[in-house]
Every structure is written in C-alpha cells, then in structure tokens.
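Comments concern the structure below.
The values are calculated or read from the model by the stated rules, or taken from the named source; none is laboratory data. What you see is a predicted model; the values in this text were computed from it and never measured. Positions of Cβ are generated from backbone atoms using ideal geometry, with glycine treated the same way; all protein chains shown enter the neighbour counts. Please note that ligands, DNA and RNA were not included when accessible areas were found on the heavy atoms of the full protein model with its side chains. Shrake-Rupley method; radii C 1.70, N 1.55, O 1.52, S 1.80 Å.
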Amino acid sequence: MAVKSLEALLTYKNDYLVKRFRVVQPHLNLSEEEGQQIFEDTLRFLWLTAVIDDLRKENPDATDIRISNSMIVIDQCWHEFILMTEMYSNFCQEYLGKYIHHPPPMKKYARNVKEHGQEESMMIFLNEIIHMVVHYLGEEVAIRWFDEYLKYETIHPAKDMISHHH
C-alpha cells in the first residue's frame with residue numbers, strides 16, 4: 001500500500017493523544033492549540049519519513065530524515081504516539097502503508113561520517129533535511145521546525161526545578 005496524500009493524513013485526529021501529550025509534558029505549558037499544532041507536525045514528519053523511505057528504495061543516496069535538535073518537541077510527541085501501540089500501528093498501516101520505526105535509519109549520514117567526519121556530515125544532513133522540509137511541506141513548516149520550535153528545546157524540567165530552589 002502506498003503513502004496517502006498529506007491532505008488525507010492531516011484529517012487524522014487524535015484528541016486523546018494531544019491531551020495526554022500536554023499532560024505528560026507539563027513543563028512545556030502547551031495550550032490546546034499548540035498541542036494540536038505539534039501533533040499535526042508529528043504527522044507531517046511521519047509522512048515525510050514514509051515518503052523519503054520510498055525514495056530511498058529507488059535511490060540509496062536519498063537524504064536522511066531524522067529529528068534535528070530544534071525538533072525535539074516533535075520527537076516527544078512521536079514517543080507518546082508510539083506508546084499507544086495499537087493506535088500508532090493502525091495509523092501507520094492505514095495512512096503510511098508501513099510501520100515507521102523509531103528512529104529512522106541514517107544510512108547516508110553513517111557513510112558521510114566515514115568520508116567527511118562528524119561535523120561536516122551533520123551540516124550536510126541539516127542542509128538536506130531543511131531543503132526536503134521546504135520542498136515537501138513548505139517554508140512555513142520549515143521555519144516552525146528549525147526556528148520556532150527551538151524554544152521548546154531549552155525547557156528541561158530538571159533544569160527548571162534546580163533553578164527554582166535558589
């Protein structure tokens with residue numbers, strides 16, 4: 001089965017998951033709207049992962065897709081989704097035509113590290129993933145993922161608890 005269109009995918013709603021995500025990540029202090037946005041972006045990420053997985057079958061040198069630092073909040077939402085094993089598995093089969101494992105393999109990155117070293121490989125990966133996100137999902141999504149979502153990366157419950165005691 002093929003990957004459904006992004007439009008079809010974004011009709012998938014899961015209010016239970018959005019609510020649960022907001023509850024288990026209280027330090028993020030997400031409004032319902034923000035929680036919904038992050039969930040939709042998680043769906044976009046899973047869709048892009050499935051699309052790139054298909055590209056990779058034809059072209060092993062196709063770009064890697066993976067969570068970059070600025071997208072940690074999407075990863076957290078993805079973890080929450082995976083924990084609902086039946087819901088997640090059914091979603092993957094119905095919308096993506098296959099189960100998306102966590103984390104996706106970074107075959108190209110691994111090859112690049114041998115050739116170019118870690119730092120340069122990370123730059124290649126970031127350039128490619130930003131390009132892919134813009135190409136498939138648009139500039140607005142790219143700005144959200146690589147810029148706006150950085151604000152969530154700086155929120156760590158342990159750090160916050162330590163600073164409150166001083």
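For residue 113, the conditions (1) closer than 26 Å to residue 153 by Cα; (2) aliphatic (A, V, I, L, M); (3) assigned to a helix (DSSP H, G or I); (4) within 18 Å of the chain's Cα centre (by Cα) are fulfilled apart from (4). How many residues does region 116-127 hold that are open to solvent by less than 50 Å² (accessible area, probe 1.4 Å) and over 22 Å from the mean Cα position of the chain (by Cα)? Counting residues in region 116-127 that are open to solvent by less than 50 Å² (accessible area, probe 1.4 Å) and over 22 Å from the mean Cα position of the chain (by Cα) gives 1. Taking region 28-58 as the region of interest, how many residues are of a type in the set (Gly, Ala, Ser) and either touching a Pro at 6+ places or on another chain (Cβ under 6 Å) or crowded, with 19+ Cβ neighbours inside 10 Å (or both)? Counting residues in region 28-58 that are of a type in the set (Gly, Ala, Ser) and either touching a Pro at 6+ places or on another chain (Cβ under 6 Å) or crowded, with 19+ Cβ neighbours inside 10 Å (or both) gives 2. Mind checking which residues of region 130-164 are of a type in the set (Val, Ile, Thr), assigned to a helix (DSSP H, G or I) and modelled with pLDDT under 90? Of everything in region 130-164, just one residue is of a type in the set (Val, Ile, Thr), assigned to a helix (DSSP H, G or I) and modelled with pLDDT under 90, namely 162. Checking each residue in region 1-15 for being surrounded by fewer than 17 Cβ atoms within 10 Å (Cβ to Cβ), in contact (Cβ under 8 Å) with a residue 12 or more places away in the chain and part of a helix (DSSP H, G or I) picks out 6, 8.
Selection of region 85-98 for residues being more than 17 Å from the chain's Cα centre (by Cα) and either outside any helix (DSSP H, G or I) or surrounded by 14 or more Cβ atoms within 10 Å (Cβ to Cβ) (or both) yields 87, 97.
Residues satisfying the criterion are present in region 16-27 (criterion: of a type outside the set (A, V, I, L, M, F, W, C), assigned to a loop (DSSP other than H, G, I, E, B), open to solvent by less than 30 Å² (accessible area, probe 1.4 Å) and modelled with pLDDT under 95).
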